[in-house]
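These notes are about the structure you will find just below.
The values are calculated or read from the model by the stated rules, or taken from the named source; none is laboratory data. Source: prediction; values computed, not measured. In this analysis, Cβ positions are derived from the backbone assuming ideal geometry, glycine residues included, and neighbour counts consider all displayed protein chains. Surface areas here come from the heavy atoms of the whole protein model, side chains and all, with no ligands, DNA or RNA. Shrake-Rupley method; radii C 1.70, N 1.55, O 1.52, S 1.80 Å.
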Amino acid sequence: MQHALDCMLGGYRTIQHNEVRDVIAQAMREAGHKAVEVEPQLQNLSGEAFDYKSANKQDDARSDVKVLGFWTSMRQAFFDVKVVSPLARSYARLSMTQLYRNAEKSKEREYSQRIREVEHGDFNPLVFTTAGGAAPQSSRVIKHLAAKISEKQGVHRSKATGWLRCRLSFALLRTTLLCLRGTRRRNQSLKMSKSSSP
């Protein structure tokens, strides 16, 4: 079972990541944000040096979601999704607190300084588990996003929060089942497309 959750063959892990990313982006739009971009390309570097070797220095680097005005008016906020399996062998000795902290720090080392100094924006890693758990920064983003949805749509904040967490949990659990049950073959190309009539 654990191998099925970790295996990259078949593209199911990518599907899982993209499903969560798309739920976040759609919720941002439903909260009233007009400038929402999925996989926005970051500006090219011009000789900048970063503190961490793991910082993403690629010319075609992208984050998962960019939103204007999420935290501060007229300031861009960037988000990058990571879905981890807490039962993976590499995490076996870690508590959930340590797992979340390590995953968040990994994303921050990769993107935070570049986005802060080059894009002049804010960055939050969105770390979730395959079972539907959310890391501290993810929970903070969900809470803030739910408050915006509550205000925009005129529903109680607790209902907006529950609705958003439910959507994310279903996205994670649905794609976790896909990872477990999906067919895998080498050189398999798996493309997600709209269903069409036979």
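Here are some notes:
- Rough spin-label spacing in nm, given labels placed 7 Å along Cα→Cβ, for His144 and Ser73: 1.6
- Extreme residue, positive dipole direction of region 1-147, given options Ser73, Gly32, Ser112 (C-beta unit charges): Ser112
- Restriction of the trypsin sites (Lys or Arg not before Pro) in region 33-75 to DSSP coil positions whose beta-carbon has at most 14 other beta-carbons within 10 angstrom yields Lys34, Lys53, Lys57, Arg75.
- Loop-resident trypsin sites (Lys or Arg not before Pro) (DSSP state other than H, G, I, E or B) in region 79-138 with no more than 12 further Cβ atoms inside 10 Å of their Cβ: Arg93.
- Spatial separation of Cα centroids for region 107-163 and region 42-89, in angstrom: 14
- The accessible-area ordering, largest first, of the residues Met28, Met74 stands as Met74, Met28, per a 1.4 angstrom probe.
- Apportionment of accessible area to carbon and sulfur, region 94-136, percent (1.4 Å): 44
- Contact order normalised by residue count of region 90-142, Cα under 8 Å, 6+ apart, percent: 29
- Net charge, Ala134 excluded, C-beta distance under 13 Å - Lys, Arg +1, Asp, Glu -1: +4
- FRET E, pair Asp60, Val155, Förster distance 30 Å, beta-carbon r, rounded to 0.05: 0.15
- Hypothetical label at Asn102: residues of region 72-95 whose amide nitrogen lies under 13 Å (7 Å Cα-Cβ projection): 84-95
- Sequence of Asp59, Asp51 from largest to smallest accessible area, 1.4 Å probe: Asp51, Asp59
- Within the shell of other residues whose beta carbon sits under 13 angstrom from the beta carbon of Asp64, the net charge comes to -1, with Lys and Arg scored +1 and Asp and Glu -1.
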